[in-house]
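Participant: The following block contains the structure, expressed as C-alpha cells.
The values are calculated or read from the model by the stated rules, or taken from the named source; none is laboratory data. What you are looking at is a predicted structure, and each value in this text was computed from that prediction instead of being measured. Cβ: placed from backbone, ideal geometry, glycine included. Neighbour counts: every protein chain shown.
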Amino acid sequence: MNEVCDESRFSKIVALALEQVRNGVHDGLFTAYPGEHNWEIAHRVLVPAFGPLSIRGMFGEMHDIASQLVMKWARHGPSYVIPVTDDFTRLTLDTLALCAMDYRFNSYYQNEMHPFINAMGEFLTESGNRTRRPAIMAPFYRQQQLDYDANIELMRKTSDEVVRYRKEHPNDRKDLLNAMIKGKDPKTGESLSDRSITDNMITFLIAGHETTSGLLSFVFYYLLKSPEAYQKAQQEVDGVIGRGPVKVEHMSKIPYITAILRETLRLMPTAPAISLQALKDEVIGGKYRIPKGEPVVALLPKIHQDPAVYGDDAGEWKPERMLDENFSKLPPNAWKPFGNGMRACIGRPFAWQEALLVVAILLQNFNFAAEDSSYKLRFKQTLTIKPKEFYMRAVLRDSMTPTQLEQSLVSSAGRPSSETKPASTGKVVIAPKESDQGQALSIFYGSNTGTCEAFAQRLASDAPMHGFRAKVVDSLDSVNQNLPTDVPVVIITASYEGQPPDNAVHFYRSLESLEGDEMSRVAYSVFGCGHSDWKTTFHRIPNAIDRMLEERGGERIAARGGADASHGDMFTEFETWEDQVFWPAMRSKYGGSETEPGPSLDSSLDVTISSTRSHTLRQDVEPAKVLVAKVLTAPGAPLKKHIEIQLPSEMTYSAGDYLAILPINPQESVQRVMRRFGLPWDAVLVIGARSGTTLPTDTPIPAVDLFGAYVELAQPATKRNVAALLEATKDSSAKEELKRLSGPAFTDEISARRVSVLDLLDRFPSVSLPLGSFIAALPPMRVRQYSISSSPLWNPHHVTLTYSVLDQLSLSGHGRYVGVASNYLAHLDAADTLHVAVRSSNQAFHLPADAEHTPVIMVAAGTGLAPFRGFVQERAAQIGAGRSLAPALLFFGCRAPDVDDLYADEFARWAQMGAVDVRRAYSRAPTGPASHGCKYVQDRVWADRADVVELWDRGARVFVCGSRDVGEAVRGTCLRIYEDRARELGKVVDEEKAEAWFDGIRNDRYATDVFA
C-alpha cells in the first residue's frame, strides 16, 4: 500500500461507476482523467476555498442545519423511529448546499425530498447498474436510459439556475460558488467555464453528502454497539462543552470523538477502494509485477484491518487505538479513507468539522437506543456504502422539553432555529392507547428473547384493573440517563451470562457510572428473570439494578421479584409477584382500587370476526428458503435433524452466531382452538385493544395466522388463567376441580405437567371463556434461537442448523408434548419458506482472530456440536486456502458410533486436513476403542487432560456447548484439572481459589453456549 501511494509510480484511474458518473459531471474533480486541463484549473482554484479559515467560517451554517436535525428528532419524541441514513443524508446535503453555495434544499421542511436530490440518487444508482450490464444489453434498457438522461438534465438545470442567480445577485460570501465564479487559476490566469462550474457543483454535492452521511450512520451504529465508548464520548462532550452552545473552538478539544471518527473510517470507509494504475512497468513488494497502465485496486477494509499494523483485534471497533498518540505511530499510508495524494478529497476538513459538530451536538442533547438491539450490519450501496435499515430512537437528556431545547439552540446559533416538519420517511412506535384514568406508571424491560417484554406488556394490560395506567412500555435503553421521576417506574429484566440484555446495556453501564444520590427522585420496583442453574449469574443484572438504584437514593416501592426458568412456570411466578407484592404496594403508596380486582377474566381485548382474509407477517424476521432437510440419527434413536437454509440476499452471519426462527404452532393445536371456539377455517379476526398488546390491532388477520404465528398455545397455564376459567363456568363439578387445581395442586398437576389453557378448555367443556379473554391469556409467540452449524467461508448465503426434535407423550395427559420450533422445523422440506433473522452470539463465543497462534478446545454433547461444526468447517476452509493454524481439539459425546455420531464422515475428512482432532465418548458403547473407556464427554476431557493442559498453556480458548447438565459437568472437570495441575506444581488450591480462577477466565478464555 505504501508503494502504490507513490504518485511518481502510480496515478488515479477513473473506472467502473466513476466512469459512468462522467455522463453527468464530465471532468469534475473526482471524475476527471489524469492530466485533464479543467481538473487542473478547478483544483488550483478550489483548494484555497477549503483552507482552515474558510472552513471555520462555515461553522455557523453547519450549526444551523444540525439544529434543524436536532429539533426534528426532539419534536417527534422518544417513540419516533429514526431512519438513520435518510436523516443524515438530508443533513449532509443541506449543510453542503448552504455552506458551499448559499442554497437551501430545506429537506427538513417537506415530506418529499427536493427533486434535485431524487434525481441525483437515481442517477448514481443507475451509474452503478450500468457497470454491471454488458454494452450489448443497452437496447433492452431504453426506459432506464430515458430516465437517466432526464435526471442528468434536471440536476444540471437546477445547478445552472443557482449559478445564474448568483451572477445576477453577487455577494461577498467566501463560499465555493463565489470561488468558482470569481476565482482565477494562479498558474494560467484562466477562469472556470460555466459548464465546469456546474460540473463541480454537482460533484461536490454528490461526494460531500454521500460519504459524510455514511460516516455518521456507521458512527452511531458502533456507538450503540459499544456502551463503554458511548459513555466516554458523552462524558467528553459534557466535560468540554457542557450544556452551553457548541462552538467552533470546541472542535479541537474533543480527541475521543476524533478517535471515534478515525476508527469508524478504519473499519467502514464509506468509499472502500482506491483505484490506481502503474505509470510504467512496476514491481511492488519486491514480488508483484504490474505492467504499465494496469489497474491496482487497494481495498481499504482489508488494509485497514491488517493485524500486522492494528493487532490481533484489528476487526474490532476500539476508538482508543486511534487517539492522537497511537494514530501518530501508524506506518505511512496505513489509513487512507480520503484517497491519496493530489487526487485525495479536498473537502476533508469540511467533512471532518461537520462530523465532529454533529456527533457532539447529538450526544449533548440526546440519549440514543437502537430500535432493534440485535440489528446486524447490512449495507446499502450507491457510489458509497451506508448501513441499511438501521434505526434508532432519541430521548432528550436532563428532562429537557423541545421548547427549552429550541431556546438553547437559538442562543447557540445566535439566530432563530428553523422550524422543522415531519418527514415522510421513518416509522413511529404506536404507544398503547392511554386512558386518563388512574395513577400513571412507566414500565421498562431488558429482553433478548421476548419473555421480559411479554411480562412488561402483561403488567401494562393489568394496570387498569388496579386503578393505574401504563404511560409507556419500552426498553431500558430508551431511558438511558433519563428514568422518569414524575411517575413510579417498573423495571423487568433478565441476565445473559451475567451481562445485561442487548436493549439494556447502555442503561446499565450509565447506572454503574453514577455516584451520590442521582436517583433520589425515582420511585421504582424491579422484577428479574433467570435460570438458577447458572448459579453465580442468576438474577445478577436485576439484583444489581435494584441495589444500585437504592444506593443512589431511589425509593423502592415493592420488594424485588424474580422468576426462575428452571421451575418451568415463570408466568405464574410473575403473576404471583404482581398480585401479592407489586399491586398491594402500589395501592398502599398511591391509592388505586380499594378492592382486589377479579383475578383473571381479562376483557381488555374486543374481537370482531369477519370473513375477509389477509396475511400479516412479523417485521423482525425475513423470509428464507429451505434447501435441504435430512435426518442425522439412526431409526429408534432420539430424532436429530439437519436443515440447510438460503438466507435473504443481504443477511450475513459469522461462525458461532444464532439463527432466530419465528415458528408456527403445530397445526393440530391450531385446529383444536378453531374447534373449541367454533371458528370456520377461513375466519378473520379484528382485535381492538383497550390497553397495550403486541398483537396486531385494528386490522383483519386470519385466525389461523393469529393462533399459528402470534401466540404461544403450549405455554403452561398460570394460576390466574385457572382462576379465569373458574369464573367462566357455572358447572359445579368443574368449579370444584378448577378450584382445587388453582390451589396446592397447581404446581404438581398444572405447572410440572405443562398443562396449557387450551388443555384445560378441552378438559372442561362447560367453561364459556370469551375468545378475547382466551387470546389475552396467551403470551406472544417468541422467536427461538438455534446455533448455526456452518461457516460463511463454506457459503456466505447459506446456513445449516443441527437440532433435536422434541416429541414425547404429554405429561398433561392430552396427546403429545411437542417442541413448537423443533417440530415446525422438522416438518419443513426443500423449497419451503420460513422466517428468520441472524442474531450475534456472545462476543467471546467466536473463533480467535489470531487462528495461527491460538489453539482451540471445543466440548459438546448431542446437538451441542452445532456451532463447532461451523468452527471446524471454517478452519478447514482456512487451511484449504493455505493458512497454517494452531491445533484444535474437539471433545464430543453421543450414544454410539452408528446411532448419533453426527457428521462423522465430515469430521474425519477435516481431521485428515489437520483442522481438528476429535475425541469421542459413547455413553452406550464406552468400552470401544474410540471411546477409551469414557462414558460421557466430561470423562473424556479428564482422560485427555494432559493434552488439554498443554494447549491451555499455549493460550488456548475453550468453548462448551450443550445442555445445562453438560455445562455443569464440564465446568466441574475443568476445576478438577486446575486443582490437579496446581498440586503437580506444588501449590495449595482450595475450592474458593479454584472458583475465583474459573470466574476469571469465563467469557474470556472460557466461553459457553448452554441451553435448557
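Participant: Can you pull out the residues in region 929-957 that are of a type outside the set (A, V, I, L, M, F, W, C), touching a Pro at 6+ places or on another chain (Cβ under 8 Å) and either touching a residue at least 40 places away in the same chain (Cβ under 8 Å) or not assigned by the TED database to the domain that holds Phe891 (or both)?
Facilitator: Arg954, Gly955, Arg957, listed by residue number.
Participant: Another question, if that's okay. Is there a residue in region 201-218 that is exposed (fewer than 13 other Cβ atoms within 10 Å of the Cβ) and more than 22 Å from Phe30 (Cα to Cα)?
Facilitator: First pass over region 201-218, keeping only residues exposed (fewer than 13 other Cβ atoms within 10 Å of the Cβ): none.
No, the conditions are met nowhere in region 201-218.
So that you can scan it fast, the table gives a plain yes or no per residue for (1) outside the structural domain of Asp762 (by the TED database); (2) assigned to a strand (DSSP E or B); (3) β-branched (Val, Ile, Thr); (4) farther than 30 Å from His797 by Cβ:
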| position | (1), (2), (3), (4) |
| --- | --- |
| Val626 | yes, yes, yes, no |
| Glu644 | yes, yes, no, no |
| Pro648 | yes, no, no, no |
| Arg672 | no, no, no, yes |
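Participant: Right, another one. Which of the following residues is at pLDDT below 90 and either loosely packed, with under 15 Cβ neighbours inside 10 Å or assigned to a loop (DSSP other than H, G, I, E, B) (or both): Lys292, Lys329, Lys302, Lys280?
Facilitator: Values: Lys292 fails: at pLDDT below 90; Lys329 fails: at pLDDT below 90; Lys280 fails: at pLDDT below 90.
That would be Lys302, the only listed residue that is at pLDDT below 90 and either loosely packed, with under 15 Cβ neighbours inside 10 Å or assigned to a loop (DSSP other than H, G, I, E, B) (or both).
Participant: Between residues in region 712-740 that are in the same structural domain as Leu778 (by the TED database) and more than 28 Å from Ala454 (Cα to Cα) and residues that are surrounded by fewer than 23 Cβ atoms within 10 Å (Cβ to Cβ) and among the charged types (D, E, K, R), which pairs lie under 8 Å by C-beta distance while being six or more apart or on different chains?
Facilitator: Short answer, once both residue conditions are applied: none.
Participant: Right, another one. What's the number of the only condition in (1) of a type in the set (A, V, I, L, M, F, W, C); (2) surrounded by fewer than 24 Cβ atoms within 10 Å (Cβ to Cβ); (3) closer than 22 Å to Asn200 by Cβ that Ala42 fails to meet?
Facilitator: Among (1) of a type in the set (A, V, I, L, M, F, W, C); (2) surrounded by fewer than 24 Cβ atoms within 10 Å (Cβ to Cβ); (3) closer than 22 Å to Asn200 by Cβ, the lone unmet condition for Ala42 is (2).
Participant: Here's another thing I want to ask about it. For the structure I just gave you, tell me whether Gly598 is modelled with pLDDT under 80, in contact with a strand residue (DSSP E or B) (Cβ under 8 Å, 6 or more places away or on another chain) and closer than 23 Å to Ile443 by Cα. Let's see the steps before the verdict.
Facilitator: Values: modelled with pLDDT under 80: yes; in contact with a strand residue (DSSP E or B) (Cβ under 8 Å, 6 or more places away or on another chain): no; closer than 23 Å to Ile443 by Cα: yes.
In short, no.
Participant: With respect to Glu968, is the statement that it is closer than 16 Å to Phe891 by Cβ, at pLDDT below 95 and under 34 Å from the mean Cα position of the chain (by Cα) true? First the steps, then the outcome.
Facilitator: On the way: closer than 16 Å to Phe891 by Cβ: yes; at pLDDT below 95: yes; under 34 Å from the mean Cα position of the chain (by Cα): yes.
Judged against the criteria, Glu968 is a match.
Participant: Right, something else. Just give me the residues in region 844-862 being in a loop (DSSP other than H, G, I, E, B), in contact with a Leu (Cβ under 7 Å, 6 or more places away or on another chain) and surrounded by 19 or more Cβ atoms within 10 Å (Cβ to Cβ), in sequence order.
Facilitator: The initial filter retains those residues of region 844-862 that are in a loop (DSSP other than H, G, I, E, B), namely 844-855.
Narrowing further to those that are in contact with a Leu (Cβ under 7 Å, 6 or more places away or on another chain): 851-852, 855.
Across region 844-862, the qualifying residues are Ala851, Pro855.
Participant: Give region 305-323 a look and list any residue that's under 24 Å from Lys225 (Cβ atoms) and in a helix (DSSP H, G or I), or say none. Break it down stepwise before answering.
Facilitator: Going through region 305-323, the residues under 24 Å from Lys225 (Cβ atoms) turn out to be 305-307, 309-323.
Listed by number, the residues that qualify are Pro307, Val309, Tyr310, Pro319, Glu320, Arg321, Met322.
Residue-by-condition table, conditions (1) within 30 Å of Pro867 (Cα to Cα); (2) modelled with pLDDT of 90 or more; (3) small (Gly, Ala, Ser):
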{"residue": "Leu605", "(1), (2), (3)": "no, no, no"}
{"residue": "Thr608", "(1), (2), (3)": "no, no, no"}
{"residue": "Thr612", "(1), (2), (3)": "no, no, no"}
{"residue": "Leu662", "(1), (2), (3)": "yes, no, no"}
{"residue": "Gly688", "(1), (2), (3)": "no, no, yes"}
{"residue": "Thr699", "(1), (2), (3)": "no, no, no"}
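Participant: Report, ordered by the first and then the second residue, all pairs with beta carbons closer than 8 Å, sequence separation of six or more or different chains, a first member in region 288-314 that is without any contact (Cβ under 8 Å) to a residue 24 or more places away in the chain and in the same structural domain as Pro332 (by the TED database), and a second member that is in a strand (DSSP E or B) and of a type in the set (S, T, N, Q).
Facilitator: Hits for this filter: Gly293/Gln277; Glu294/Gln277.
Participant: Out of Gly1000, Gly962, which single residue is at pLDDT 90 or above and surrounded by 13 or more Cβ atoms within 10 Å (Cβ to Cβ)?
Facilitator: Numbers: Gly1000 fails: surrounded by 13 or more Cβ atoms within 10 Å (Cβ to Cβ).
Just one listed residue meets the conditions, Gly962.
Participant: Let me ask something else. When residues of region 449-479 are filtered for being farther than 27 Å from Leu396 by Cα and not in a helix (DSSP H, G or I), how many remain?
Facilitator: The number of residues fulfilling the criteria is 2.
Participant: Could you grab the pairs with beta carbons closer than 8 Å, sequence gap of 6+ or different chains, first residue in region 979-1001 and closer than 23 Å to Ala844 by Cβ, second one exposed (fewer than 13 other Cβ atoms within 10 Å of the Cβ)?
Facilitator: Here the result reads Asp999/Thr536, each pair linking region 979-1001 to a residue that is exposed (fewer than 13 other Cβ atoms within 10 Å of the Cβ).
Participant: Taking region 35-57 only, how many residues are in contact with a helix residue (DSSP H, G or I) (Cβ under 8 Å, 6 or more places away or on another chain) and either of a type in the set (S, T, N, Q) or under 24 Å from Thr131 (Cβ atoms) (or both)?
Facilitator: 2
Participant: Let me ask something else. Select, from Ala369, Ala360, the only residue that is of a type in the set (A, V, I, L, M), within 28 Å of Ile117 (Cα to Cα), in contact (Cβ under 8 Å) with a residue 24 or more places away in the chain and surrounded by 19 or more Cβ atoms within 10 Å (Cβ to Cβ). Full working, then the answer.
Facilitator: On the way: Ala369 fails: within 28 Å of Ile117 (Cα to Cα).
Selected residue: Ala360, the only one of Ala369, Ala360 that is of a type in the set (A, V, I, L, M), within 28 Å of Ile117 (Cα to Cα), in contact (Cβ under 8 Å) with a residue 24 or more places away in the chain and surrounded by 19 or more Cβ atoms within 10 Å (Cβ to Cβ).
Residue by residue, here is whether (1) part of a helix (DSSP H, G or I); (2) under 30 Å from Ser478 (Cβ atoms); (3) in contact with a Ser or Thr (Cβ under 6 Å, 6 or more places away or on another chain); (4) modelled with pLDDT of 95 or more holds:
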site: Lys336; (1), (2), (3), (4): no, no, no, no
site: Ile346; (1), (2), (3), (4): no, no, no, no
site: Leu356; (1), (2), (3), (4): yes, yes, no, yes
site: Val359; (1), (2), (3), (4): yes, yes, no, yes
site: Leu363; (1), (2), (3), (4): yes, yes, no, yes
site: Ala369; (1), (2), (3), (4): no, yes, yes, no
site: Ser373; (1), (2), (3), (4): no, yes, no, no
site: Leu377; (1), (2), (3), (4): no, yes, no, no
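Participant: Additional query: Can you tell me how many residues in region 839-891 are under 20 Å from Asp313 (Cα atoms), out of contact with any Gly (no Cβ under 6 Å at 6 or more places or on another chain) and of a type in the set (Phe, Trp, Tyr)?
Facilitator: The qualifying residues number 1.
Participant: Now for a different question. Taking into account only those residues within region 669-701 that are touching a residue at least 40 places away in the same chain (Cβ under 8 Å) and farther than 27 Å from Asn823 by Cβ, which is surrounded by the fewest Cβ atoms within 10 Å (Cβ to Cβ)?
Facilitator: For region 669-701, the residue satisfying everything is Thr699.
Participant: Follow-up question, since we're still on this one. If a residue must be in a loop (DSSP other than H, G, I, E, B), closer than 28 Å to Ala877 by Cα and in contact (Cβ under 8 Å) with a residue 60 or more places away in the chain, how many such residues does region 893-928 contain?
Facilitator: Here is the first cut: in region 893-928, the ones in a loop (DSSP other than H, G, I, E, B) are 895-896, 901-903, 914-916, 923-928.
Among the residues that remain, those that are also closer than 28 Å to Ala877 by Cα are: 901-903, 914-916.
Next, only the ones that are in contact (Cβ under 8 Å) with a residue 60 or more places away in the chain stay: 902-903.
Selection size over region 893-928: 2.
Participant: Another one. Hey, can you tell me all the residues within region 335-351 that are closer than 16 Å to Ser54 by Cβ, surrounded by 18 or more Cβ atoms within 10 Å (Cβ to Cβ) and not aliphatic (A, V, I, L, M)? Show your work before the answer.
Facilitator: Taking region 335-351 first, the residues closer than 16 Å to Ser54 by Cβ are 345-351.
If we keep only those that are surrounded by 18 or more Cβ atoms within 10 Å (Cβ to Cβ) as well, we get 345-347, 350-351.
Scanning region 335-351 gives Cys345, Gly347, Phe350.
Participant: Right, here's the next one. Can we say Thr694 is among the hydroxyl-bearing types (Ser, Thr, Tyr) and touching a Pro at 6+ places or on another chain (Cβ under 7 Å)? I'd like the intermediate steps shown before the answer.
Facilitator: Values: among the hydroxyl-bearing types (Ser, Thr, Tyr): yes; touching a Pro at 6+ places or on another chain (Cβ under 7 Å): yes.
So Thr694 fits the description; yes.
Participant: Name the residue that is surrounded by the most Cβ atoms within 10 Å (Cβ to Cβ), counting only residues in region 45-88 that are among the polar types (S, T, N, Q) and over 26 Å from Leu177 (Cβ atoms). Please lay out each step first, then the result.
Facilitator: At the first step, the residues of region 45-88 found to be among the polar types (S, T, N, Q) are 54, 67-68, 79, 85.
Now drop any that are not over 26 Å from Leu177 (Cβ atoms), which leaves 79, 85.
On the way: Ser79: 15, Thr85: 22.
Here the answer is Thr85.
Participant: Tell me yes or no: at least one residue of region 2-12 is in a helix (DSSP H, G or I) and either in contact with a helix residue (DSSP H, G or I) (Cβ under 8 Å, 6 or more places away or on another chain) or outside the structural domain of Leu383 (by the TED database) (or both).
Facilitator: First, the residues of region 2-12 that are in a helix (DSSP H, G or I): none.
Looking for residues that are in a helix (DSSP H, G or I) and either in contact with a helix residue (DSSP H, G or I) (Cβ under 8 Å, 6 or more places away or on another chain) or outside the structural domain of Leu383 (by the TED database) (or both), one finds none in region 2-12, hence no.
Participant: Look at Arg243 and say whether it is modelled with pLDDT under 95 and assigned by the TED database to the domain that holds Glu122.
Facilitator: Spelling it out, Arg243 is indeed modelled with pLDDT under 95 and assigned by the TED database to the domain that holds Glu122.
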